[in-house]
Amino acid sequence: MGQVSDNLYHVRAELKASASSYQRDAEDITLLCVSKTKPVASILEAYNAGERHFGESYAHEAEAKINEIKILGYNDIVWHFIGPIQSNKTKIIASCFDIVESVDREKIARRLNEQRPAELKPLDVLIQVNISDENQKSGCSFTDLPALISTIQELPRLKLRGLMGIARETDDVTEIEKEFTALQQVFNKYHASLPDFDMLSMGMTHDMDSAIKCGSTEVRIGTAIFGAREYQQRNKLTL
């Protein structure tokens, strides 16, 4: 068993234990393997260990890796874009990804809609909400969320699937769970009224347990699976 496979064994066990402790079914929680800055070999090791959902944050790096992996014949991976979206990267993102989790403003939503290739199914999108209200973080405000939801619903090449949020980096579990709960409450309101609004993406390596406690349907795990990010490798890929 390789290191990635071994790490996945432990992450899955932790996910299952957390779900059980909060009377949830682990099968209802998607494990998104955050593979940004990681080489194709590591992604394929996770794939061969049974994973199918992978998350990337850097458009050009992701485009190269996705194309290489598809040429190798791996065509059943669900690719998630989870990073901040620059306007000049929307064409790549709209063409290469299956799900975009970080839509946070109307301009980006409209560009993704316009640039989604006609031969592909509508692009699944989540709205990223700035649940910690930190200036340095991406995401729309809770106040602006209803207007952005209305805009996306009018765009035929996008399909609104849910919400994503990143809690503040703190050791204060109470604060983390307060932010997750606020997003869960808003999610539940729209989940009850909108079709296919069924994805609540919360939680990373350090706060996965709290996210599962607060109703997350997807946790985004990178470090615990692949180890520390390899920015030197990313720079080589994007030169």
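Read the figures in this text as sums done on the coordinates, not as results from a lab. What you are looking at is a predicted structure, and each value in this text was computed from that prediction instead of being measured. Reconstructed Cβ throughout: ideal geometry from the backbone, glycine too, with neighbour counts over all protein chains shown.
Below are the figures for this structure:
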{"quantity": "Cα→Cβ-extended label distance, 7 Å offset, between Ala13 and Asn188, nm", "calculated": "3.3 nm"}
{"quantity": "Anisotropy class of the range 1-115 from Cα gyration tensor, a/c 1.5 cut", "calculated": "oblate"}
{"quantity": "Cβ-based exposure ranking for Asp28, Asp76, in which fewest neighbours within 10 Å come first", "calculated": "Asp76, Asp28"}
{"quantity": "Per-selection Kirkwood Rh - the chain (Cα, Å, 1 d.p.)", "calculated": "18.1 Å"}
{"quantity": "Inter-part distance where the range 23-60 and the range 122-138 are each reduced to a Cα centre, Å", "calculated": "20 Å"}
{"quantity": "CD proxy at 222 nm, helix term only [per DSSP H run n ≥ 4: -39500 (n - 2.57); per residue of the chain; nearest 500]", "calculated": "-13000 deg cm²/dmol"}
{"quantity": "Gln86 paired with Ala118, simple spin-label distance in nm, labels 7 Å along Cα-to-beta-carbon", "calculated": "3.0 nm"}
{"quantity": "Cβ-placed point charges (K, R +1; D, E -1), dipole of the chain about Cα centre in debye, nearest 20", "calculated": "740 debye"}
{"quantity": "Ordering of 195-207, 9-21, 162-174, 94-106 by burial proxy (mean other Cβ atoms within 10 Å per residue, highest first)", "calculated": "94-106, 195-207, 162-174, 9-21"}
{"quantity": "Extension gain, Val78 back to Ala26 (0.36 nm per residue minus Cα-Cα distance, nm)", "calculated": "16.8 nm"}
{"quantity": "Top of Gly227, Gly73, Gly55 by mean-square fluctuation, Gaussian network on the chain, Cα under 10 Å", "calculated": "Gly73"}
{"quantity": "Restraint check, Lys107/Lys137; Lys65/Lys107; Lys70/Lys91; Lys91/Lys159; Lys159/Lys189; Lys107/Lys213, Cα-Cα greater than 23 Å", "calculated": "Lys65/Lys107; Lys107/Lys213"}
{"quantity": "Of all DSSP beta bridges in the chain, antiparallel share, percent nearest 5", "calculated": "0 percent"}
{"quantity": "Local net charge near Ala46, Cβ-Cβ under 14 Å (Lys/Arg +1, Asp/Glu -1)", "calculated": "+1"}
{"quantity": "Ser141-Asp196 pseudo-label distance in nm [points 7 Å out on the Cα-to-Cβ vector]", "calculated": "3.1 nm"}
{"quantity": "Cα-based shape type of the range 51-90, given that a ≥ b ≥ c are square roots of the gyration tensor eigenvalues and the cut on a/c is 1.5", "calculated": "oblate"}
